[in-house]
1. Binning every alpha carbon pair distance of the stretch 15-63 at 5 Å from zero, what are the percents per bin?
2. May I ask you to compute the full-extension gain from Val66 to Ser31, defined as 0.36 nm times their residue separation minus their alpha-carbon distance, rounded to one decimal in nm?
3. Based on DSSP H runs of at least 4 residues, each adding -39500 (n - 2.57), what is the mean residue ellipticity at 222 nm of the chain after dividing by all its residues, to the nearest 500 deg cm²/dmol?
4. What does the chain give for Rg and for Dmax, in Å, if only its C-alpha atoms count?
5. Select from the chain the helices, each a whole stretch of DSSP H, whose alpha-carbon atoms run 18 Å or more along the helix axis and whose Kyte-Doolittle mean is at least -1.0; answer none if there are none.
6. Give, in nm to one decimal, the length gained when the segment between Glu139 and Lys24 is fully stretched (0.36 nm per residue of separation minus the Cα-Cα distance).
7. Which distance in Å, rounded to a whole number, links the C-alpha centroids of the stretch 91-114 and the stretch 13-90?
8. Under 5 Å between amide hydrogens, which residues at least 5 positions from His131 or on another chain qualify, with H placed 1.01 Å from N in the peptide plane?
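Only the coordinates and a few stated rules stand behind these numbers; no lab work does. Note that this is a predicted model, so its numbers are computed, not measured. Here the Cβ positions follow ideal geometry from the backbone for every residue, glycine too, while neighbour counts run over all protein chains shown.
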Amino acid sequence: MKASYEKPTIESEFAVITYLDRLKYALQSGSATVNFQQNRLVDTARDRKYTNRHTMLTLFPDEDEVTVLKRELASLTVHDYIETVKDIRFPKRPDMRVFGKAYSTEDVYIKIRVELVGGMGSNYILVMSFHFAETEFVEADFPYRKRGE
């Protein structure tokens, strides 16, 4: 369920591909700082299984979180895209992008925001969500996924 302060939209396939290309460039160039919200206020009322911390410890128990996130974000494709979300509480901030991926037998919900933070092309990537999905993804969740992908 979407928070009341989030307004979801579907970007064009070209816009999502461009966004992902820029994200991958920032990650590969080393100009990106990744901030992962390991503990979130919403997690206090959530089943532990669906928290960022539990998901990372389950899927990648012996790996550095930032290294994992850089690798996993770089592997996203347009087929993983679900939607773009505007946080109307902060209208001047960049939109958040939501993706979904399957890891083993579990779906993982991924929500990120990328911000240009200064000169020299430095970028700030906020990973708000990287947790097991509370409901199983269905094909209709992915506007640019073709059958069988």
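1. Calculated over all Cα pairs of the stretch 15-63, the distribution is 4, 17, 16, 15, 16, 19, 10, 1 percent.
2. 11.2 nm
3. It lands at -7000 deg cm²/dmol.
4. For the chain, the Cα-based Rg and Dmax read 14.9, 42 Å.
5. Long hydrophobic helices here: 13-29.
6. 38.9 nm
7. Distance between centres, Cα-based: 6 Å.
8. Long-range HN contacts for His131: Tyr109.
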